[in-house]
Amino acid sequence: MNDADKISGMLKRLERLEAMEEIRHLKQRSAVAADPYMDIDMLVGLYTEDGVMEFINWDTVLKGHDEIRAFLEINPFTWMFHCLIPLKIEVADDCRSATARWYLFEAATVHNSRTKEYDPVWVTGAYDDKMIKINGEWKLTHTALSQQILCKYEEGWGQTRVNLDKDWIKPVDDLKQTIR
């Protein structure tokens with residue numbers, strides 16, 4: 001291998017490493033936007049115009065800035081503290097697109113539409129993200145959250161790992177009726 005090939009290879013590896021670091025910062029900004037109280041403009045701005053936010057357990061898929069914003073405005077989670085653990089970041093050879101997986105561990109409060117109280121909950125799961133680089137900036141194109149635990153703090157996850165309490169998700173169900 002000649003010197004030019006070595007330099008070219010090093011520059012390509014450096015570009016991929018920089019992309020991975022920029023993607024970590026993108027995901028960190030999503031947690032900063034969500035915690036402790038939602039900054040809707042900041043979070044929506046992390047997505048492409050046609051970006052998708054998906055909640056697997058809730059059977060909810062939001063497409064584009066308008067639907068994502070509408071969801072965030074009625075989001076029953078009123079306080080959140082996301083701990084994100086990167087599992088993998090795979091950058092395409094051209095360094096223009098990538099996929100990533102993150103574990104989630106979260107303490108939160110969720111508004112109970114029946115009692116009007118704020119229930120403390122534990123949330124764990126995984127985010128699977130797709131992103132592209134546009135004008136030198138990484139943007140999310142698809143985020144899918146699959147919850148492995150969603151339970152009241154007091155009850156823990158021993159009996160019910162994922163509790164889709166109808167009193168928690170009523171605003172989401174109502175919104176889904178208007179966007180489809």
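Just checking, how many residues over the stretch 136-154 are surrounded by fewer than 20 Cβ atoms within 10 Å (Cβ to Cβ) and over 18 Å from I68 (Cα atoms)?
Of the residues in that region, 7 qualify.
Do any strands (runs of 3 or more DSSP E) lying entirely in the stretch 1-93 carry at least 1 residues that are in contact (Cβ under 8 Å) with a residue 24 or more places away in the chain, farther than 29 Å from Y153 by Cβ and not hydroxyl-bearing (S, T, Y), and which ones are they?
Output list reads 47-55, 77-91.
So which residues in the stretch 8-35 are closer than 27 Å to P76 by Cα, in contact with a strand residue (DSSP E or B) (Cβ under 9 Å, 6 or more places away or on another chain) and of a type in the set (K, R)?
Result: R24, K27.
What number of residues in the stretch 94-119 are free of Cβ contacts under 8 Å to residues at least 40 places away in the same chain and either assigned to a loop (DSSP other than H, G, I, E, B) or loosely packed, with under 14 Cβ neighbours inside 10 Å (or both)?
4
When residues of the stretch 156-169 are filtered for being farther than 15 Å from T109 by Cβ and either small (G, A, S) or without any contact (Cβ under 8 Å) to a residue 60 or more places away in the chain (or both), how many remain?
7
Which residue, of A108, A98, A126, A70, is of a type in the set (G, A, S), within 18 Å of the chain's Cα centre (by Cα) and under 30 Å from G9 (Cα atoms)?
Going through A108, A98, A126, A70 in turn, just one is of a type in the set (G, A, S), within 18 Å of the chain's Cα centre (by Cα) and under 30 Å from G9 (Cα atoms): A98.
Could you grab me the full set of residues in the stretch 165-180 that are surrounded by 14 or more Cβ atoms within 10 Å (Cβ to Cβ) and in a loop (DSSP other than H, G, I, E, B)?
Across the stretch 165-180, the qualifying residue is only D165.
For E90, indicate whether it is of a type in the set (D, E) and surrounded by 18 or more Cβ atoms within 10 Å (Cβ to Cβ).
For E90, the condition - of a type in the set (D, E) and surrounded by 18 or more Cβ atoms within 10 Å (Cβ to Cβ) - is not met.
Read-outs throughout are calculated quantities, based only on the coordinates presented, and are distinct from any laboratory measurement. Small disclaimer: the values here were computed from a predicted structure and weren't measured. Here the Cβ is made from the backbone with ideal geometry for all residues, glycine too, and neighbour counts use every protein chain on show.
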